[in-house]
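See below for the structure under consideration.
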Amino acid sequence: MAQHTGLKTAAIEKISHLEYFNIAVSVDCVIFGYDEKELKVLLIKSDLEEFSGLDSLLGDLVRPDEHLETASYRILKERTGLDDVYLEQVQAFGSINRHPSGRVITIAYYSLIDISHHKLRLDNNELNWHPVNDIRKMAFDHKLILDTCLKRLQQQIMNQPVVFNLLPEKFSLRQLQELYESILGVELDRRNFRKKISLKDWLQDVGEMEEDVPHRPGKLYKLKTSQPKKPVRKKAGAVSA
């Protein structure tokens, strides 16, 4: 005689908790860039009437047959044309009233790209770069998401060589310090900064000097090959299930 296990089927579980299976999931992408000595983020005008005139992050609902990572790269590709950057998952945001259409839990991702070396399709619903320090209000809870991703970046930059994704291949220590200052939002002592960076052993002197600069030319460096930047995402179709 078969023993009663006390287990229920997935169908019964769904019927008895139907409201739990009516919660949507979305992804939002925080794309940081660096230009004119400012940390910038890629934003788009919200297409919801409730947030008319406000900017939002690049995001969308996750399709029923779609993995989270696949959704994040789909959104990036559709909105910007990019498909070769690394997106890092940060955390989930699930405040009850964060979306006016209903309960939506979103997963935030962030990435760092060199603006001058990525050709973006910036003709989609007023998609454009905005200085992070100028942003005061956004649609949904996107200002909170942006601030959270910025804090993650600030925590990482002295322990991991992530900022080099924002710089050209060759750069001066002056440029590197200016980048750190733009991310941290503070002025750094030149001598202390260079000492800390030298202790990281991240840089390689390329034997060249800056050219056509309004100040005394400095040495140029590049990231050592033993210290790779964030990995480049594999082409579409290579995401595992």
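Helix 68-80 versus the longest principal axis of the chain: what is the Cα-based angle in degrees, 0 to 90, to the nearest 10?
The helix 68-80 is inclined about 60 degrees to the chain.
Give, to the nearest whole percent, the P(r) tail of the chain beyond 24 angstrom, counting all Cα pairs. Present the calculation step by step, with values, prior to reporting the outcome.
Values: 15480 of 28920 pairs.
Value for the chain: 54 percent of Cα pairs lie more than 24 Å apart.
Could you check the spin-label model distance between Lys151 and Ile135? Points 7 Å from the Cα along Cα→Cβ, value in nm.
Inter-label distance under the simple model: 1.5 nm.
Gaussian network model of the chain, Cα springs within a sub-10 Å range: biggest mean-square fluctuation belongs to which of Ala92, Ala11, Ala71?
Checking each option, the largest mean-square fluctuation is seen for Ala11.
Quick one: Karplus J couplings for segment 85-94, per residue in order, coefficients 6.51, -1.76, 1.60, θ = phi - 60°, nearest Hz, x for Gly and Pro?
10, 8, 10, 10, 6, 9, 5, 9, 10, x
So which of Lys170/Lys219; Lys195/Lys222; Lys119/Lys143; Lys77/Lys151; Lys37/Lys200 end up more than 20 Å apart by C-alpha?
On the way: Lys170/Lys219 10 Å; Lys195/Lys222 17 Å; Lys119/Lys143 26 Å; Lys77/Lys151 25 Å; Lys37/Lys200 23 Å.
Over 20 Å Cα-Cα: Lys119/Lys143; Lys77/Lys151; Lys37/Lys200.
Quote the relative contact order of segment 12-156 in percent (integer), defining contacts as alpha-carbon pairs under 8 Å separated by 6+ residues. Spell out each step's value before the answer.
Numbers: 230 pairs, mean separation 47.3, N = 145.
Normalised by residue count, the contact order of segment 12-156 is 33 percent.
Once the convex hull of the alpha carbons of segment 86-175 is built, what does its volume come to per residue, in cubic angstrom?
Details: hull volume 12.3 nm³, N = 90.
Spread over its residues, the Cα hull of segment 86-175 gives 137 Å³ apiece.
Farthest toward the dipole's positive end in segment 12-156, which of Ser116, Pro64, Thr148, given Cβ charges of +1 (Lys, Arg) and -1 (Asp, Glu) about the Cα centre?
Final value for the positive-end residue is Thr148.
Would you be so kind as to identify which of Trp202, Asn165, Ser182 lies farthest towards the positive end of the dipole of segment 163-223, taking Lys and Arg as +1 and Asp and Glu as -1 on Cβ and the Cα centre as origin?
Trp202
For the chain, with a Gaussian network of springs between Cα atoms less than 10 Å apart, report the residue from Asn97, Asn22, Asn165 with the top mean-square fluctuation.
Among Asn97, Asn22, Asn165, the largest GNM mean-square fluctuation belongs to Asn22.
Please report, in debye to the nearest 20, how large the charge dipole of the chain is about its Cα centre when each Lys and Arg carries +1 at its beta carbon and each Asp and Glu carries -1 there.
Details: 35 positive and 35 negative charges, 175 e Å.
Dipole magnitude for the chain comes out near 840 debye.
Output needed: percent of Cα pairs per 10 Å distance bin for segment 163-223, bins running from 0 to the one holding the longest distance.
21, 58, 22, 0
If we count every other residue with Cβ under 14 angstrom of Glu208's Cβ, Lys/Arg +1 and Asp/Glu -1, where does the sum land?
Values: positive: Lys170, Lys219, Lys222; negative: Glu169, Asp205, Glu210, Glu211, Asp212.
Spelling it out: positives minus negatives among the neighbours equals -2.
Please give the net charge around Arg63, taking every other residue with its beta carbon less than 15 angstrom from that of Arg63, where Lys and Arg add +1 and Asp and Glu add -1.
Numbers: positive: Arg74, Lys77; negative: Asp60, Asp65, Glu66, Glu69, Glu78.
So the surrounding residues net to -3.
Output wanted: per-residue J couplings in Hz (rounded whole) for segment 46-53, from phi through Karplus 6.51 cos²θ - 1.76 cosθ + 1.60, θ = phi - 60°, x for Gly and Pro.
5, 9, 9, 4, 4, 10, 4, x
In the Gaussian network model of the chain, springs joining C-alpha atoms below 10 Å, which of Val163, Val41, Val25 carries the largest mean-square fluctuation?
Largest GNM mean-square fluctuation: Val25.
If Lys and Arg each add +1 and Asp and Glu each add -1, what is the summed charge of the other residues whose beta carbon sits under 11 Å from the beta carbon of Lys45?
Numbers: positive: none; negative: Asp47, Asp55, Glu126.
Neighbourhood net charge equals -3.
Quick one: 3J(HN,Hα) in Hz for segment 9-25, Karplus 6.51/-1.76/1.60 with θ = phi - 60°, rounded, Gly and Pro as x.
These are the phi-based 3J(HN,Hα) values: 7, 4, 5, 5, 4, 5, 5, 7, 10, 4, 5, 6, 9, 10, 9, 7, 10 Hz.
How big is the charge dipole of segment 28-79 about its Cα centre, in debye rounded to the nearest 20, if each Lys and Arg gets +1 on its Cβ and each Asp and Glu gets -1 on its Cβ?
Working: 7 positive and 13 negative charges, 40 e Å.
In total the dipole reaches around 200 debye.
Computed from the coordinates by the stated procedures, all read-outs in this text should not be read as laboratory data. On a predicted model such as this, the values are computed, not experimentally measured, just so you know. Every residue, glycine as well, gets a Cβ built from its backbone with ideal geometry; the counts of neighbours run over all protein chains shown.
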